[in-house]
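Bear in mind that the values in this text are calculations on the coordinates, not laboratory data. None of these values were measured; they are calculated from a predicted model. Reconstructed Cβ throughout: ideal geometry from the backbone, glycine too, with neighbour counts over all protein chains shown.
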Amino acid sequence: MFATLGAVCLLFLGDSISARPDSFPNLGLGPNVEAVNIARGGWTLVAWTSPPGAALLDGVECADGEGPDGVHVMIGGNDATALPWKPVPTSKVAFRYRLALLVYDLGQRWPDADVLISFTTRIYPTRGGDAKLAARRLMSEYDSTVYDVVNATRATVGIDARALNLPASMFPDGVHPSSVGQEVIAEALRHRVWRWRLRRFWTRQRNFFGTVQGWISVGGRRGSSSLRRSPG
């Protein structure tokens, strides 16, 4: 069944949750799914919507020499955390702006590509000190923001991590999923990618047959007109 849908190229953006060698984009997402992973450890939405992110996106090319069919954006914990180059966490308002800006930029680059947004809000562990607890609280505020952006743009939700219910034991360092946790995420994304491919396939089929029907309709009207003009 997978083979009937044709090959697709899926681009991955994100932070260290997506960038490690054992991360979910590198575990295989089904037959005929090419994964182009340009995630970077420590990166945030600010980075992806700034010149460094633009430079990486400029260099994206799939195996067929074309742009991606879909872009997967994983929201990790960095936006909700103070970093050396970002001394304060990203506010909810700034988070919404940056996410919407990224979706817009991706749409300008690849108008036919679908954008899937996943977030690890509920994966983020409760242990790890006051800083991580504060980050978790801020990330919980991002939940509705992701859906706000999805409802207002062309994006769709990839994985809502609340449904995975991963235990804190799958986060050895208190932040990053273990290899087992990464496999759980990968399996959830395999199902999501399958549904995305199926929807994409049927949408294109419907558009194709709609176009053909339009051609037939126009041709029929022209034929009728020529018959009416013919001498009786």
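Taking the Cβ of each residue in I75, I159 as the centre, tally the other Cβ atoms inside 10 Å and list the residues starting with the fewest. Write down the numbers at each step before the final one.
On the way: I75 26, I159 21.
In order of increasing Cβ crowding within 10 Å: I159, I75.
Return the long-range amide H neighbours of L83 (sequence gap of 5 or more, or a different chain), with a cut-off of under 5 Å between placed amide H atoms.
Sorted by chain and number, the residues that satisfy this are V88.
Could you derive backbone 3J(HN,Hα) for segment 161-170 from the dihedral phi with the Karplus parameters 6.51, -1.76 and 1.60 (θ = phi - 60°), listing whole Hz in sequence and x where the residue is Gly or Pro?
Values, residue by residue: 5, 4, 6, 7, 6, 6, x, 4, 5, 8 Hz.
What's the FRET efficiency of D143 with S179 using the Cβ-Cβ distance as r and R₀ = 25 Å, to the nearest 0.05?
Computed FRET efficiency for D143 and S179 comes out at 0.40.
Can you tell me the alpha carbon radius of gyration of segment 1-52 divided by the globular rule-of-thumb value 2.2 N^0.38 Å? List each step's numbers first, then the result.
Working: Rg = 13.1 Å, N = 52, 2.2 N^0.38 = 9.9 Å.
So the Cα radius of gyration is 1.33 times the expected 2.2 N^0.38 Å.
Starting from 0.36 nm per residue, how many nanometres of slack lie between E61 and S91 once their C-alpha separation is accounted for? Before the final figure, lay out each step's value.
Details: separation 30, 0.36 × 30 = 10.80 nm, distance 3.29 nm.
Full extension of this stretch gives 7.5 nm more.
Which residues' amide hydrogens lie under 5 Å from the amide hydrogen of V157, considering only partners 5 or more residues apart or on another chain, with H built in the peptide plane?
I117
Under 5 Å between amide H atoms, partner at least 5 residues away or on a different chain: which partners does H72 have, H built in plane at 1.01 Å?
Result for H72 returns L11, F12, L13, L116.
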